[in-house]
Amino acid sequence: MKLTSTAFLRRILNSPHDAFRVIPKPDIWMTRERMAKITAWQYASERNTVKGAYRKQNKIFHYLDMQRRDANQLEKHYARERLNAALEAHELEYMHFRNMLSKAHILLDNIVLSQLAIYEPKSFKSLVSLAKRMAIEEGRLVSPDVGSEHVITEDSLFGEPYEVPVRFPRGPADNHTRKPSKLKVHEY
């Protein structure tokens with residue numbers, strides 16, 4: 001189609017846009033403002049230029065993602081350290097404590113036990129007293145607790161521990177290189 005002056009005029013008149021105003025382009029001010037907030041405390045070109053700021057923003061987001069992925073493992077690590085410190089205050093080893101709890105079918109993980117040790121010290125002390133009493137009756141070398149003579153243990157406490165549940169990894173295995181295996185009946 002040849003653009004003549006009448007065809008050009010017809011395009012202007014039939015257009016939904018105003019003929020005498022420029023069609024607004026999407027504004028990048030909001031994205032630049034958000035980037036400036038994130039990189040405001042950086043130095044030199046990482047703050048003053050757009051290219052350097054984008055590079056630094058991507059690096060910041062990458063590190064935040066790494067921190068988010070490591071948060072669960074760090075929480076488990078810190079819970080184990082807190083539990084070890086609390087058990088050291090009660091003069092009991094982690095191995096004996098965990099073994100006695102599993103024999104008594106007390107299924108609390110390290111995070112809950114460390115929170116008990118911090119926020120409910122009397123409840124935690126009663127668990128430690130129970131574990132110490134069970135360990136003494138089983139013949140392990142454990143220092144007796146001051147109040148452990150009042151702890152009553154029954155034969156029902158000395159059962160076999162539950163089986164450790166199978167933990168299946170979340171997400172794709174080896175970055176989608178292997179097909180996921182079909183679940184067996186006992187895995188449901």
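The values are calculated or read from the model by the stated rules, or taken from the named source; none is laboratory data. Remember, predicted model here, so these are calculated numbers, not experimental data. Cβ placement follows ideal geometry from the backbone for every residue including glycine, while neighbour counts extend to all protein chains displayed. Calculation scope for accessible area: heavy atoms of the full protein, side chains included, ligands and nucleic acids excluded. Shrake-Rupley method; radii C 1.70, N 1.55, O 1.52, S 1.80 Å.
Points worth noting:
- Legend: residue pairs 76/103; 76/122; 76/125; 51/76, Cα-Cα distance threshold 30 Å; pairs beyond threshold, 51/76.
- Extension gain for the segment residue 44 to residue 163, taken as residue separation times 0.36 nm less the Cα-Cα distance, is 37.0 nm to one decimal.
- Annotation note: GluC sites (Glu not before Pro) in region 36-120 located in DSSP loop regions with a Cβ neighbour count of at most 12 within 10 Å are 91.
- For the set 54, 43, solvent exposure ranked by accessible area (probe 1.4 Å, protein chains only) runs largest to smallest as 43, 54.
- For region 40-145, average projected area of the Cα convex hull in nm²: 9.1
- For the residues 127, 183, a 1.4 Å probe over the protein chains yields an accessible-area ranking, largest first, of 183, 127.
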